[in-house]
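Heads up: the structure comes next, in structure tokens.
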Amino acid sequence: DVDMSDTPDAVPVIAVVASFAKGKTRITNIKHLREKECDRIDAVYSQLIKMGIKVEQGEDYLEITGGNPKGAIIETFNDHRIAMAFSIPGLLIQGMAIENESCVEKSFPNYWDIFDALQK
């Protein structure tokens, strides 16, 4: 278990990384994520499902079974953290696309410039 009660902003990226790991990762104490820019628990859950990852959600947790994520068109729910977290798999797998990518401007205006530089 990974207790994320004190670091809620890292949950989306931890969940995405867990999708590549072996075994199960359980992220707990995250109920407060349901009241952010979007319901981040449900957002992460639904987008990992699109990527072919086995994931379970509860009121206060996510449990991700690592596997071989596949490319998907990611809905951001206008949430900058969802967009940034789900951009990372695009460095490793083909077919990733982020809808409404401009939502990252809220917290990291030049994110896509830096991200593009990582791909070179």
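Side notes on the structure shown:
- Of the residues Lys54, Lys36, Lys50, Lys24, the single one that is of a type in the set (D, E, K, R) and at pLDDT below 95 is Lys36.
- Selection from the stretch 9-42 of residues that are surrounded by 17 or more Cβ atoms within 10 Å (Cβ to Cβ), in a helix (DSSP H, G or I) and either touching a helix residue (DSSP H, G or I) at 6+ places or on another chain (Cβ under 7 Å) or of a type in the set (D, E, K, R) (or both): Val11, Pro12, Val13, Ala15, Val16, Leu33, Arg40, Ile41
- Flag if Ser87 is out of contact with any strand residue (DSSP E or B) (no Cβ under 9 Å at 6 or more places or on another chain), in a helix (DSSP H, G or I), modelled with pLDDT of 95 or more and of a type in the set (S, T, N, Q): no
- Scanning the stretch 56-83 for residues that are under 12 Å from Val44 (Cα atoms) and touching a residue at least 40 places away in the same chain (Cβ under 8 Å) yields Leu62, Ile64, Phe77, Asp79, Arg81, Ile82.
- Looking only at residues in the stretch 43-91 that are of a type in the set (Ser, Thr, Tyr) and under 9 Å from the mean Cα position of the chain (by Cα), the one that is surrounded by the fewest Cβ atoms within 10 Å (Cβ to Cβ) is Tyr45.
- For the stretch 92-120, filtered to residues that are among the β-branched types (Val, Ile, Thr) and over 22 Å from Glu37 (Cα atoms), the residue that is surrounded by the fewest Cβ atoms within 10 Å (Cβ to Cβ) is Ile114.
- Qualifying residue in the stretch 70-79 (condition: polar (S, T, N, Q) and either at pLDDT below 95 or within 21 Å of Ser5 (Cα to Cα) (or both)): no
The values are calculated or read from the model by the stated rules, or taken from the named source; none is laboratory data. Computed from a predicted model, the values in this text were never measured in an experiment. FYI the Cβ positions are ideal-geometry reconstructions off the backbone, even for glycines, and counts take in every protein chain you see.
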